[in-house]
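The values are calculated or read from the model by the stated rules, or taken from the named source; none is laboratory data. Note that this is a predicted model, so its numbers are computed, not measured. All Cβ positions, even for glycine, are placed from backbone atoms using ideal geometry, and neighbour counts span all protein chains on display. For the accessible areas, the whole protein counts, side chains as well, though only heavy atoms, and no ligand, DNA or RNA atoms are used. Shrake-Rupley method; radii C 1.70, N 1.55, O 1.52, S 1.80 Å.
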Amino acid sequence: MTVKLKIDGKDIEVLEGTMILEAARQNGIRIPTLCYLEGLTAYGGCRMCMVTIGKSPKPFASCVTPVSEGMEVITDSPGLREYRRMAVQFLLSERTHICSVCVANGSCELQELANELGVDHVAFEREWPRLDVDSTHSFLVMDRNRCILCTRCIRVCDEIEGVHTLDLMHRGKESQVIIDLNQEWKESSSCTSCRKCAKVCPVGAIYVEGETLSITKDDQIARFIMERREAAHEE
Ligand code: SF4
Ligand code: SF4
């Protein structure tokens, strides 16, 4: 069954159950995202894909809000841009993001969004805790100081690689990505060293030592693998 709605004034028709973000993308309308990755379960954590619906004063995360008949969605407005600018500034104030000394400089989705939204300063006080950098793996490095807690690495490790080496410890801004039961990477008994976490990390928090992130990164990897699996099931 299909559903008719309007996104940015454009009449569209999509399958019932489609999320607003996917409906927009299927119709050539771009909504900025950070934590969302096609092929992984949507999480709705980064608040970048916020949209407004009808007259509701409250914005909604489009990656986890399904379409409904007659819905009128706005994906871009001065208010939404300001909301996204604030969300980017919160991220920049919570962890150390100095682009000039980051391995992801030039290949960073947070940096790209900040540039796109015109974030040239941070209006909030910096917190910047000193967090552990794990470089004990033979080629993978995790720098928690760069992490934006998008959980892409956790979801790809669990849902695509199927080993669930990574997870979150603590809550809110105290959260940290951990390896197995908060062990060093070299001690992990579950990690297959597949690199998928480094491929999907949007910033410079997980990377392959000695490899530029423009080579490592592949934000299509989850979708690619899911499509291959679905095709194999159909054969
Ligand atoms: S390398 Fe693969 S198995 Fe190891 S933590 Fe990353 S995604 Fe998980
Ligand atoms: S390490 Fe990277 S992918 Fe994982 S939660 Fe942090 S920013 Fe996201």
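For Ala87, the stated conditions hold: it is of a type in the set (A, V, I, L, M, F, W, C), under 16 Å from the mean Cα position of the chain (by Cα) and part of a helix (DSSP H, G or I).
For the range 1-63, the strands (runs of 3 or more DSSP E) that sit wholly inside it and include 3 or more residues that are under 17 Å from Met86 (Cβ atoms) and touching a Phe, Trp or Tyr at 6+ places or on another chain (Cβ under 8 Å) are 50-53. Residues in the range 138-151 that are closer than 27 Å to Thr41 by Cα and within 11 Å of ligand 1 (Cβ to nearest atom): Leu140, Met142. Considered as a group, the residues in the range 189-226 that are more than 30 Å from Ala114 (Cβ to Cβ) and either among the β-branched types (Val, Ile, Thr) or in contact (Cβ under 8 Å) with a residue 40 or more places away in the chain (or both) include one that is surrounded by the most Cβ atoms within 10 Å (Cβ to Cβ), and that residue is Cys191.
Within the range 183-224, being within 8 Å of ligand 1 (Cβ to nearest atom), assigned to a loop (DSSP other than H, G, I, E, B) and either modelled with pLDDT under 95 or not β-branched (Val, Ile, Thr) (or both) holds for Ser188, Ser190, Cys191, Ser193, Cys194, Arg195. Residues of the range 127-145 that are without any contact (Cβ under 8 Å) to a residue 60 or more places away in the chain and over 22 Å from the mean Cα position of the chain (by Cα): Arg130, Thr136, His137, Ser138. In the set (1) farther than 25 Å from Pro32 by Cβ; (2) touching a helix residue (DSSP H, G or I) at 6+ places or on another chain (Cβ under 6 Å); (3) aliphatic (A, V, I, L, M); (4) more than 13 Å from ligand 2 (Cβ to nearest atom), the condition left unmet by Ile225 is number (1). Scanning the range 100-146 for residues that are outside any loop (DSSP other than H, G, I, E, B) and farther than 16 Å from Arg85 by Cα returns Ser100, Val101, Val133, Asp134, Leu140, Val141, Met142, Asp143, Arg144, Asn145, Arg146. Annotation: Ala123 fulfils all but one of (1) more than 12 Å from ligand 1 (Cβ to nearest atom); (2) closer than 20 Å to Cys46 by Cα; (3) open to solvent by less than 30 Å² (accessible area, probe 1.4 Å); the unmet one is (3). For Gly28, the requirement of being under 21 Å from the mean Cα position of the chain (by Cα) and surrounded by fewer than 22 Cβ atoms within 10 Å (Cβ to Cβ) is met.
Residue-by-condition table, conditions (1) buried (at least 17 other Cβ atoms within 10 Å of the Cβ); (2) free of Cβ contacts under 8 Å to residues at least 40 places away in the same chain; (3) more than 13 Å from the chain's Cα centre (by Cα):
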{"residue": "Ile12", "(1), (2), (3)": "yes, yes, yes"}
{"residue": "Leu34", "(1), (2), (3)": "yes, no, no"}
{"residue": "Ile53", "(1), (2), (3)": "yes, yes, yes"}
{"residue": "Ile74", "(1), (2), (3)": "no, no, yes"}
{"residue": "Glu82", "(1), (2), (3)": "no, yes, yes"}
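The combined condition, being within 9 Å of ligand 2 (Cβ to nearest atom), surrounded by fewer than 19 Cβ atoms within 10 Å (Cβ to Cβ) and touching a residue at least 12 places away in the same chain (Cβ under 8 Å), is fulfilled by Ser175.
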